[in-house]
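Quick note: the coordinates plus some simple rules give every number you see, no bench work behind them. Bear in mind that the values here come from a model prediction, so they are computed numbers and not experimental data. For neighbour counting, all protein chains shown are included, and Cβ atoms are generated from backbone atoms with ideal geometry for every residue, glycine included.
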Amino acid sequence: MILKGKRAIVSGASRGIGNAIVREYLREGSIVYGVSRKEADNRAELEEAGKASGGAYHWRQVDVTREEEITKAVDAIVAEAGGIDILVNNAGITRDGLIFRMSTADWEEVLKVNLTSAFFASRTMARSMIRQRSGSIINISSVSGIMGNAGQVNYSASKAGLIGFSKSLAREVASRGVRVNAIAPGFIETDMTSALAEKAREALFSQIPLGRAGTAVDVAALAVFLASDASAYITGQVIQVDGGLSM
């Protein structure tokens with residue numbers, strides 16, 4: 001259990017990649033605070049998993065786009081847990097469409113959820129981690145933020161922004177023992193991607209050297225490594241989990 005006793009906050013914890021990260025952290029003995037607008041369908045299962053591993057799962061209902069709400073939640077969790085070792089900024093949405101048809105509301109909402117929420121949480125969390133002179137912040141970006149993707153100017157911009165955010169923050173806090181890294185998933189089987197038409201899926205798979213979609217656990221496994229002491233000399237990095245799509 002390489003995260004035994006480590007305390008983590010994971011945003012967007014109710015489903016998809018965030019939920020998988022919570023499950024893997026609990027499996028490794030972590031005490032996890034899941035933050036999301038909606039309660040996870042498997043909350044009882046997560047709580048049992050936490051008990052079984054000697055860790056714990058706690059859920060907080062939070063709208064991460066509201067500055068005061070996320071700041072208060074993070075401060076309260078830090079006080080309750082006696083400090084936080086890991087912050088995973090995973091909350092994310094899509095509002096796809098060609099730029100000619102994209103509304104200002106769709107642009108702004110995606111930037112708020114995917115990028116600004118990470119700023120709110122990290123600003124509050126960085127203060128605590130600097131004081132304890134340790135910590136790992138992990139931002140879930142996307143290969144769309146590296147390669148771009150038609151119909152996703154808002155999503156790609158938010159994920160590219162997370163990459164620049166991660167590298168800059170890593171430089172700011174490294175001297176105090178705090179690490180910041182980004183994970184850039186490719187095509188991952190989640191609720192968010194399940195609506196893609198079969199022909200579009202086949203066309204996409206033909207561009208992936210491994211020839212298949214990834215799973216949320218593929219991403220979560222890297223999030224475990226980056227949260228652990230095994231990655232103690234890794235910071236400011238963007239690591240793709242994409243089956244070779246972006247190489």
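The slack between V217 and E108, meaning 0.36 nm per residue of separation minus the straight C-alpha distance, is 36.3 nm. In this label model, N42 and F205 are separated by 2.3 nm, measuring between points 7 Å along each Cα→Cβ vector.
By the Stokes-Einstein formula, at 1.306 mPa s and 10 °C, region 54-116 with its Kirkwood radius over alpha-carbon pairs has D equal to 114 µm²/s.
For F165, F225, the sequence from fewest to most other C-beta atoms within 10 Å is F225, F165.
In region 27-185, taking the dipole from charged Cβ atoms about the Cα centre, the farthest positive-side position among V88, G177, N154 is held by G177.
Here, P(r) means the percent of Cα pairs in each 5 Å bin from 0 to the largest distance; for region 1-120 it is 2, 12, 22, 21, 18, 11, 6, 4, 3, 1, 0.
Distance cut-off 25 Å, Cα to Cα: go down the list K38/K72; K38/K167; K6/K51; K112/K167; K6/K72; K38/K199 and report the pairs above it. Beyond 25 Å between Cα atoms: K38/K167; K38/K199. Computed from the C-alpha gyration tensor, the three semi-axes of the ellipsoid equivalent to region 125-247 are 30, 15, 11 Å, from longest to shortest.
The simple Förster model, with R0 at 22 Å and r as the Cβ-Cβ distance, assigns R127 and R66 a FRET efficiency of 0.70.
Take 152-158, 88-94, 53-59 and order them by the average number of nearby Cβ atoms within 10 Å per residue, most first; the result is 88-94, 152-158, 53-59. Evaluate the distance, in nm, between pseudo-label points positioned 7 Å from the Cα of F100 and of I2 along their respective Cα→Cβ axes. The answer from the label model is 4.9 nm.
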